[in-house]
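What follows is a single structure, written as structure tokens, with notes after it.
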Amino acid sequence: MNEEFNLDLIDKTFTSYKKGQMFDGVVVIKREDGAIFNIGGKNDAFLPRDDFDDYDALKIGDRFKVIITNNKNEEGMIEVSKRAADDKVLATQNALKLKLGSTFSFVVTGTRDGGFISKMGDYEIFIPADEIFENGVRDPRHFVGKQFEATVTEINRDEKLIIASIKLLTKQIKETNENMFWNSTFVNKLVDGKVKKIMPYGAFVEVDGIDCFLHISNISYERIQSPSEKIKEGEFYKFKVIELDRVNKKVALSMKALQESPKLLAIKSLEIGKEYSGEVVKILKFGAIISLENGASGLLHISNATEDRQKQIYEIVKVGDRVNVEVLDIDLEEQRVSFELANKE
């Protein structure tokens, strides 16, 4: 600052001091524990050493703003803080940058006139009470000291007042999240979701703020009586999107789709050329379905059951017959297995 300090004028203007007031002043004495700081005429204040990051750099004659933090210390002097003044100046500068629609964070410091208040430098922040009351909590004291984000809805520069809305910001965030979700989600996409509520027939799962549904039949290949056998409310799990209805805003998820089916596991255990024992479970026009003891099943084509082209499959095997078959081919993608009858006719 290049302005000269008129200490007499300051002394006449400020006859009383209150906590939170800001003054310009000058360092007049530097001690081991802190500095004596003149804030007008004969009025000196104490500036603690720990108020500075680099106290050694402080010099007598340095001029800056301070804020009163304590009306009197043990020596009877007012205590002041440069750091608090710097923070207030910065906060005021940030408040001046805010415009209608700007988003900012604040901590509730108190209540007044049916709303909650906070400070941003020289500016007061006001949030209507119904903007914060949530989940049936109506005691204003519950929210004092808590941090929120809000959107500026009104600014009065003359009165240094900012009125803001939490609900409006919440709505904006929700709309943004929904747009991002629907623009980026597709069938077969893997997502992380939080189980919000378990029902007898499934569960509601939140994915990126969007409610999705997990039917009990899509939880596991095992037979379960309740979703709670495999999942818990409040826990996060990985899912696959199996259905997507953008018009009606519905999403179906599956955990089972991320697991290998018992059928696939059984097929994977088979070896081409190896002989297995199985049972005929179905007769078709062109062959028979054979179910092996490990749970895998496949087709025994008529051409692989006999050399006689005149014979029908029912003349060779019948439902319930135990037969030995050799694995000819395995298609893991289609989960198909082809057999040849051992010792075919």
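The values are calculated or read from the model by the stated rules, or taken from the named source; none is laboratory data. Computed from a prediction, not measured in an experiment: that's the story for all the values here. Here the Cβ is made from the backbone with ideal geometry for all residues, glycine too, and neighbour counts use every protein chain on show. These area figures cover heavy atoms from the full protein model, side chains too; ligands, DNA and RNA do not enter into them. Shrake-Rupley method; radii C 1.70, N 1.55, O 1.52, S 1.80 Å.
Structural remarks
- Radius of gyration over Kirkwood radius for the stretch 33-163, both on Cα atoms: the Rg/Rh ratio is 1.08.
- Top of Lys59, Lys285, Lys250 by mean-square fluctuation, Gaussian network on the chain, Cα under 10 Å: Lys285
- Residues in the stretch 317-345 that a label on Ser291 would reach, taking backbone N under 12 Å of a point 7 Å out along Cα→Cβ: 320-321
- Averaged over residues, the count of other Cβ atoms within 10 Å places the peptides 92-104, 172-184 in the sequence 92-104, 172-184, highest first.
- To the nearest ten degrees, helix 166-184 and the longest principal axis of the Cα atoms of the chain are 30 degrees apart.
- Summarised in one figure, the compactness ratio Rg/Rh of the stretch 178-284, Cα atoms and Kirkwood Rh, is 1.12.
- Carbon plus sulfur fraction of accessible area for the stretch 115-263, probe 1.4 Å, in percent: 48 percent
- Start at zero, step by 20 Å, and the Cα-Cα distances of the chain spread as 20, 28, 21, 16, 11, 4, 0 percent across the bins.
- If the Kirkwood radius is taken over C-alpha pairs of the stretch 294-345, then at 4 °C and 1.567 mPa s the Stokes-Einstein diffusion coefficient equals 110 µm²/s.
- Alpha carbon centroid spacing (whole Å) that separates the stretch 244-323 from the stretch 184-200: 32 Å
- Karplus 3J(HN,Hα) series, Hz, for the stretch 192-203 with 6.51 cos²θ - 1.76 cosθ + 1.60 (x for Gly, Pro): 9, x, 9, 6, 8, 8, 9, 10, x, 9, x, 8
- Here the Karplus relation 6.51 cos²θ - 1.76 cosθ + 1.60, evaluated at θ = phi - 60°, turns the backbone of the stretch 141-151 into coupling constants of 4, 5, 9, 5, x, 8, 9, 9, 10, 8, 10 Hz, with x for every Gly and Pro.
- Computing FRET efficiency as 1/(1 + (r/R0)^6) for Asp192 and Ser261, where r is the C-beta to C-beta distance and R0 is 30 Å, gives about 0.85.
- Note that the chain presents 61 Å² accessible area per residue, ligands and nucleic acids not counted, probe 1.4 Å.
- Summarised as an ellipsoid, the stretch 18-103 has semi-axes of 27, 14, 11 Å, derived from the eigenvalues of the Cα gyration tensor scaled by 5 and square-rooted, with the largest first.
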